[in-house]
């Protein structure tokens, strides 16, 4: 699908037959069969050499694969030519919306531009071909990069130590909460502290994480201004509380303007203050959670630091911690074993290596919670994030947050005539509207509005989240969208609000220009079809 | 470098619309007591400076001229077409397919991925991906605990030591006990897990986790391990290597209940440990306890086929504290790499890769034995990695590394019992000449 220029529909019969010579639709309307449908016996793409004479001869004296361990019948992978498979995946690509194609104001996800120089860097053979278990003397560049990135993240967040190991934000949460528990256990309070406090506006990952660590979640209500209710928090805090997990700015896009009192209250109660760093893009250079007294925070490198989201990953979820949690960080940690840290940093900032500096992986961490992932984390994401932070530099990082917040507030004031704004106050990087007026007055739901947005070549905002906003529309424009794009979005949203009054049925029918219309999700869950059924399986089941 | 599109005039227009005079006012809600102090982040770089810096770091690595290192991460040919597809911005710069109408490319490719993983493993359902093989293994063990309502897990010492560490970390969360099933590592042992030892593990065991091939390259008696686990009401979690499944019996055929794997060998470069892709597969009857995303096929109102995220009532954004796992972001783009890889090599290519890897590993073992430099540590059979007894292994491994030759992995780093052994891997990329050079260098290091 070309989102910029919505094509018509011409193949209502179902997925066409692109492989049988037809284009499977017309123009840019592409319907694409499964790769399995293209499979023809003996068709090949990549070929490999035959084993050499020497290899064959040598095998004679070595044990064979025992018959009992051997597979009967080859796996039915598709047999396709290289061009056919390339076209298949390229045609699938055309069915996606993406940042590089159009506006993607998906709240909470920070869909900013992913600079291409970062991709260039991650593909450098010296980094991409580096094996994680190579002896450290062969991996000094990878280790230095990890050490430098951790130093930068410490500085940006105000924390005392950083582990890069967690592979995603939720994985960082898990790591942070396991450390929380290790800390309390070490102090003899492991048994007594069984509860984790989570505001009602939190991401679902927060309570799910608490459960994975064996904690009970206690929900704290928000106040009428959208912040955490300080009275409710104080009432819930006690000797049985292990931690508060709080997102700041919150999922409402609001900075907790009593955050200093929140942190103080948590610390007074002997609990750990966990900050969900999903929304760090709003506060670079303005608020450093470690400095403000938080004990632990995860970063989402795929949000704030522009590593591509990849259709749902890979991400990276490093965590920063205060000194009291540092002993519990996952092992191993990249460390500067020989050399002066200040000198190594100064040289790296000047694009120079430091003679005599030596990095290694420190696995001798007796209080560590252990490993949370094989090797050291999603290294390719570290390369991209490091490139991004160095490219932007000190002023660039500050500008990111300024422009992200500016854009969100601009949309707030431009759209709050057309859509309800339950928390009408200064926002940070995102703003949460409500479609309740459209629903009540015209029977047009937020889901309908989202689908109508699709027909304008724009990805809809996050919908129905946070849960405390009825018919929520959570808009995060990011700093990389031009004023023209923001203005066009405003026009589209005004147009939809108008159409909700004049022709609500049209909105309820949307989208009409996408490769498929609204899909029957209830049927998908009722009769799960989660993999391709091969023809002989169908025949077998019919016989 | 700044990626901001805004001119000063743009900013002024936005400030005016908001009704404030400066960007400072946008941060008035940050309490004065906790406003950020200065940081030491260095000044910005132009693109050519950023490239110079990254080239400097890449240049500080020394990619070995010759390597026999595997130990869970394998160097295979990555067909050019894989990089071409996963570099496409429509895949790389999209997010989780929450709006299926404009995400059919991602969704259909995940459905194809799930189908391919089911076909390789002989299982009925596969997830959309996990962070890596280690976390997939840990999540599979936790899933077995939910399915059996039991709270103990047994793991073979033949499972990758990194995976075992991650498994222990994950199990420490809900307080699940992890017991280790020993492997015959002693001199003259067979290097495999004894199915007879399972019966004594108690009747409150949720699962047995075992790897095929195991970390030391040895082929495990998986069917016997499955039977032994089932006899005490436990599940078998099979940790497999995907390329080996071209030749080895799929876990679905030997009675595995859950399968976990590292998908890195399927078209993903080593990249110093990630990003990779965790694979997980199960029986359909267990699907509602699976962690992570699943894509299913359905239709729209006009009857057109399409794909959606499904069975989301298992997941954190719906179920919150009652979810099967907290996983949200996974490794979608790496799952796409594996999908493209499997389509590019097809059944014949995958068999060729596996057979060449098996043949060159035997060539390597035979060459070292014939030169009198090493002997196989274990009896039984191995796949494409072999544990060799080599006198003074640690010193010689280090000496060869200085010459740019990585003589495999040193098991004694984690397993003192395997002192003076090397774990050596060969793949289709290993040449006869590289084997000859290893033999020569190892000979000279005596």
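The values are calculated or read from the model by the stated rules, or taken from the named source; none is laboratory data. Just so you know, these numbers come straight off a predicted model, no measurement behind them. Quick reminder, even Gly has a Cβ in these numbers, built from the backbone with ideal geometry, and neighbours come from all protein chains shown.
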Sort out which residues of the range B:68-85 are surrounded by fewer than 24 Cβ atoms within 10 Å (Cβ to Cβ) and part of a helix (DSSP H, G or I), and write them in order of number.
B:80, B:81, B:83, B:84
Filtering the range B:116-138 down to residues that are assigned to a helix (DSSP H, G or I) and either surrounded by 24 or more Cβ atoms within 10 Å (Cβ to Cβ) or more than 7 Å from every other protein chain (Cβ to nearest Cβ) (or both) yields B:116, B:117, B:119, B:120, B:121, B:133, B:134, B:135, B:136, B:137, B:138
Which one of these is part of a loop (DSSP other than H, G, I, E, B), in contact with a strand residue (DSSP E or B) (Cβ under 7 Å, 6 or more places away or on another chain), surrounded by fewer than 24 Cβ atoms within 10 Å (Cβ to Cβ) and in contact (Cβ under 8 Å) with a residue 40 or more places away in the chain: A:317, A:285, A:290?
A:290
Scanning the range B:404-422 for residues that are farther than 13 Å from residue B:215 by Cα, without any contact (Cβ under 8 Å) to a residue 60 or more places away in the chain and part of a loop (DSSP other than H, G, I, E, B) gives B:419, B:420
Among the candidates B:202, B:158, B:196, B:151, residue that is in contact (Cβ under 8 Å) with a residue 40 or more places away in the chain, in the same structural domain as residue B:307 (by TED's automatic domain parsing) and closer than 30 Å to residue B:422 by Cα:
B:158
State whether the residues of the range B:96-105 include one that is more than 7 Å from chain A (Cβ to nearest Cβ), over 30 Å from residue B:240 (Cα atoms), surrounded by fewer than 20 Cβ atoms within 10 Å (Cβ to Cβ) and at pLDDT below 95.
yes
Scanning the range B:249-266 residue by residue, those touching a helix residue (DSSP H, G or I) at 6+ places or on another chain (Cβ under 7 Å) and at the interface with another protein chain (Cβ under 10 Å from one of its Cβ atoms) turn out to be B:249, B:250, B:254, B:262
Specify the residue that is surrounded by the most Cβ atoms within 10 Å (Cβ to Cβ); the eligible residues are those in the range A:230-256 that are assigned to a loop (DSSP other than H, G, I, E, B) and away from chain B (no Cβ under 14 Å).
A:237
Go through the residues of the range A:341-357 one by one and say whether even a single one is more than 9 Å from chain B (Cβ to nearest Cβ), assigned to a strand (DSSP E or B), within 23 Å of residue B:55 (Cα to Cα) and out of contact with any helix residue (DSSP H, G or I) (no Cβ under 7 Å at 6 or more places or on another chain).
no
Confirm whether residue B:373 is farther than 19 Å from residue A:131 by Cα, in a loop (DSSP other than H, G, I, E, B) and away from chain A (no Cβ under 13 Å).
yes
For the range A:315-325, which residues satisfy the criterion of being more than 12 Å from residue A:385 (Cβ to Cβ) and within 21 Å of the chain's Cα centre (by Cα)?
A:319, A:320, A:321
Could you tell me how many of the residues in the range B:267-277 are facing chain A (nearest Cβ under 7 Å) and over 10 Å from residue B:74 (Cα atoms)?
5
For the range A:516-539, state whether one or more residues are in a helix (DSSP H, G or I) and in contact (Cβ under 8 Å) with a residue 24 or more places away in the chain.
no
Residues (part of a loop (DSSP other than H, G, I, E, B), more than 8 Å from every other protein chain (Cβ to nearest Cβ) and at negative phi) located in the range B:284-329
B:290, B:291, B:324
Residue check, residue A:461 farther than 23 Å from residue A:98 by Cα and modelled with pLDDT of 95 or more:
no
Just to be sure before I move on: is residue B:196 touching a helix residue (DSSP H, G or I) at 6+ places or on another chain (Cβ under 8 Å) and facing chain A (nearest Cβ under 7 Å) in the structure I sent?
no
Does residue A:400 fit the bill of being touching a residue at least 40 places away in the same chain (Cβ under 8 Å), in a helix (DSSP H, G or I) and under 28 Å from residue B:332 (Cβ atoms)?
yes
For a quick check of your reading of the model, give me the residue pairs whose first member lies in the range A:206-235 and is on the phi > 0 side of the Ramachandran plot, whose second is assigned to a loop (DSSP other than H, G, I, E, B), with beta-carbon atoms closer than 7 Å and at least 6 apart or on different chains.
A:214/B:173; A:214/B:174; A:214/B:175; A:226/A:250; A:226/A:252; A:226/A:254; A:226/A:423
Filtering the range A:471-491 down to residues that are in a loop (DSSP other than H, G, I, E, B) and either more than 10 Å from every other protein chain (Cβ to nearest Cβ) or crowded, with 21+ Cβ neighbours inside 10 Å (or both) yields A:471, A:476, A:477, A:478, A:479, A:480, A:481
Flagged in the range A:364-406 as more than 7 Å from chain B (Cβ to nearest Cβ), crowded, with 24+ Cβ neighbours inside 10 Å and closer than 26 Å to residue B:15 by Cβ, in numbering order, are A:400, A:401, A:404
Scanning the range B:288-299 for residues that are buried (at least 20 other Cβ atoms within 10 Å of the Cβ) and more than 26 Å from the chain's Cα centre (by Cα), the one farthest from residue A:529 (Cα to Cα) turns out to be B:298
When residues of the range A:95-105 are limited to those that are surrounded by fewer than 24 Cβ atoms within 10 Å (Cβ to Cβ) and closer than 10 Å to residue A:459 by Cβ, the one nearest to the other protein chains (Cβ to nearest Cβ):
A:101
Can you give me the ranges of the strands (runs of 3 or more DSSP E) entirely in the range A:112-229 with at least 2 residues that are touching a strand residue (DSSP E or B) at 6+ places or on another chain (Cβ under 6 Å) and either under 24 Å from residue A:344 (Cβ atoms) or at the interface with chain B (Cβ under 7 Å from one of its Cβ atoms) (or both)?
A:161-163
Residue in the range B:344-364 that is in contact with a strand residue (DSSP E or B) (Cβ under 9 Å, 6 or more places away or on another chain), not assigned by TED's automatic domain parsing to the domain that holds residue B:242 and not in a helix (DSSP H, G or I) present:
no
Could you go through the range B:48-67 and let me know if any residue there is surrounded by fewer than 19 Cβ atoms within 10 Å (Cβ to Cβ) and either modelled with pLDDT under 95 or at positive phi (or both).
yes
Tell me which residues, restricted to the range A:68-107, are within 22 Å of residue B:6 (Cα to Cα) and in contact with a helix residue (DSSP H, G or I) (Cβ under 6 Å, 6 or more places away or on another chain).
A:98, A:100, A:103
